[in-house]
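The values are calculated or read from the model by the stated rules, or taken from the named source; none is laboratory data. As the structure is a computational prediction, the values presented were derived from the model and not from experiment. Cβ sites come from the backbone with ideal geometry, for glycine too, and all protein chains shown count toward neighbours. Each accessible area value is taken on the protein alone, full model and side chains, heavy atoms only, with ligands, DNA and RNA left out. Shrake-Rupley method; radii C 1.70, N 1.55, O 1.52, S 1.80 Å.
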2 protein chains.
Amino acid sequence: MLKDETIAVPQKCGDCPIRHKAVCARCEPQELEQLEQIKYYRKFEAGQTVIWAGDRMDFVGSVVTGIASLTQTMEDGRTQMVGLLLPSDFVGRPGRDGAVYNVVATTDLVMCCFRKKPFEDMMVITPHIAHRLLQMTLDELDAAREWMLVLGRKTAREKIASLLSIVARRDAALRQMGMAGPLVFDLPLTREAMADYLGLTLETVSRQISALKRDGVIELAGKRHVTVPDFLRLMEEAGDDSDGGMPA
Amino acid sequence: MLKDETIAVPQKCGDCPIRHKAVCARCEPQELEQLEQIKYYRKFEAGQTVIWAGDRMDFVGSVVTGIASLTQTMEDGRTQMVGLLLPSDFVGRPGRDGAVYNVVATTDLVMCCFRKKPFEDMMVITPHIAHRLLQMTLDELDAAREWMLVLGRKTAREKIASLLSIVARRDAALRQMGMAGPLVFDLPLTREAMADYLGLTLETVSRQISALKRDGVIELAGKRHVTVPDFLRLMEEAGDDSDGGMPA
DNA sequence: TCGCGCGTTTGATCTAAGTCAAAGATATGT
DNA sequence: ACATATCTTTGACTTAGATCAAACGCGCGA
C-alpha cells in the first residue's frame, strides 16, 4: 500500500541539505559517526501516508525536503491538521511505540530517519541529544498553543493571514534572509489542506484569499505563488501584536 | 501587586499531597533530598495571576491543590486558554527565561516550586529527571494537539462534552477509581473560563450545559456539582471514538 | 434583613462561516 | 489537441454561534 522507498544513503550526515540541524547541531564528530550508522532516507510522493495513527512507529526522523502534516480525523470524517512539518522539523517521539496522528506527505517528501531503538540508546548515553529534544518539544508545544489561539479565537481572515505569515517566516528563515522588503514564496498547501489546518472549509479559505488579494495584502501569481508586499501589514491582518506571532 | 505568599515548608517531599509525582516519581532518596533543598510552596487566591506572559520566570513547579490556567490574550481582549493545570501538572520550561503565557489561579491554588537555576543544574546531573520532563512535555504536546481538534472542528455541544469528560477523567484518576458507574465531580471553572478554554462565548457555554442537562447527559446540583450517569454517553457527545479522547 | 455584586440563565436578533451547487482553471495522460 | 481529473473560485442560501439585553439566584457585608 505505501509506495515509499528506502533510498540509498548517498552522503554523510554533514552533506545533508539541512545538516540534521534538528538533531545533531551540537554533536561531536564521533557522535555524528554513530548517527550515520543508524540513518537512512525515505522518499514519499505527495499524498502518501507516512504513518497511520495507531501504527507502530519504529523510527524517528526529520524532514529534509517537502512538507508533511500531522492530522487527526473523527469517525465522521472531520479532520484537523495538528502540525505542519517543514524542512528540519522532527517527527516521532522517543519512548513512545505508536504514532498518535496520521503523518501525510503534503508534497513530495524526503525524510531522514533513524531507527528508533538505537536512537533511544544513543539518547541515554548522549545527554545533549536528550536536552536538544526537550527544547525542540517545548518549541513544538509553544507552536501548538499559539495555534490554539488561532483556532479558538481568530476570524477566518486572521487565520489565513496567520498561516501565510508562518509559511513566509519559515521560508525566509530557511533562506537566511531578513524579513524586510517584499517576501515571495510558494504556498505548499492546497486550499483543502489549509482549511484542515485552520479549522475552516475550503470555500472559506478560497474566499478569504481572494479578499486578501483584492485588498492588496498579498499578490498571487498562479494559485500558489505568493508575494507579500508588506509583511507588517500581513501581521496586522493576522491579529498578532507587532513583536511577531509564532515562536517555533 | 501580586498578593502571593511564599509559605513555610511544613513537610518533606514525600509527605506532599501529590508526592511530586510530576518530577520525582522515580528519584533516589539522595536526589529527593536535593530537591527538598530547592523546594518551596506558594499560595495564590482565586483570580490572582501567578505569572504574566513576558515576565522573567525564575522557578518551575507543580500544582499541589487547586487549578491554574495558561492563557493568551490578543490586544483587543480576546483570550484563549491554552492549558488547564490540575494537581500534579507541571509549570515552567527549563532552559527558558521568560514565561510565554499568563498563568492564572482559577481557584485557590497551592504550588510547589523549585528555583529554576538549581533545578536545571540538577537536571544536568540527573538524566532521568530530564527524561521524565521530556515524557511530560510530549504528553502536554499530545494534549495540546488533541485540543486543536476540539477547537478547530467540534461543535459547541461536543466542546462542552469534551471538557466535561477531561475533567471527569482527571478527577477519577486522582481518586484512583475506575470510570465505571456514575461519575460525580465539581466543575472547577466558571462559565467564562470554560468559554475561554473552548473558544466560545459564555452564553453559548451556558446554553449547551442546559441542553446537556435537559437531555439527561449530565445532572447538576447547584451550578458546579456535576453527575455523569453514563460516561460512555458523554464520550459519544464529545465525538470521541470509544477508546477515549485525551491522552495526558 | 436588605442591597449589592457576581456568576449564570434565557431570550431576541444578527452575522460569519458553512453548505450546496455550478462553473473556471490547470494539469495529466492518450 | 482533446478528454479527464483535480483544484479553485464564485454565487445563493442556511445556520450555528455571537451579540445585545434583561432578569435570575445566591453569597456576603452592612
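Report yes if some residue within segment A:155-169 is open to solvent by less than 30 Å² (accessible area, probe 1.4 Å), more than 30 Å from A:D241 (Cα to Cα) and either modelled with pLDDT of 90 or more or assigned by TED's automatic domain parsing to the domain that holds A:V50 (or both); otherwise report no. No - not one qualifying residue is present in segment A:155-169.
Taken together, the residues in segment B:182-212 that are open to solvent by 50 Å² or more (accessible area, probe 1.4 Å) and more than 8 Å from DNA strand C (Cβ to nearest atom) amount to 4.
Number of residues in segment A:87-106 that are more than 7 Å from every other protein chain (Cβ to nearest Cβ), among the hydrophobic types (A, V, I, L, M, F, W, C) and open to solvent by 30 Å² or more (accessible area, probe 1.4 Å): the value is 1. Being of a type outside the set (S, T, N, Q), within 14 Å of chain A (Cβ to nearest Cβ) and either surrounded by 21 or more Cβ atoms within 10 Å (Cβ to Cβ) or within 27 Å of B:S162 (Cα to Cα) (or both) holds for only one residue in B:G61, B:G83, B:G66, B:G47, and it is B:G83.
Take the conditions open to solvent by less than 20 Å² (accessible area, probe 1.4 Å) and within 11 Å of the chain's Cα centre (by Cα) and apply them to B:L133. Does it pass? In short, no.
When segment B:32-60 is filtered for residues that are in contact with a helix residue (DSSP H, G or I) (Cβ under 9 Å, 6 or more places away or on another chain) and at pLDDT 90 or above, the ones remaining, listed by number, are B:M57, B:D58, B:F59, B:V60. Considering only segment A:69-80, state which residues are in contact with a Ser or Thr (Cβ under 8 Å, 6 or more places away or on another chain), over 12 Å from A:A105 (Cα atoms) and open to solvent by 10 Å² or more (accessible area, probe 1.4 Å). Result: A:Q72, A:T73, A:T79.
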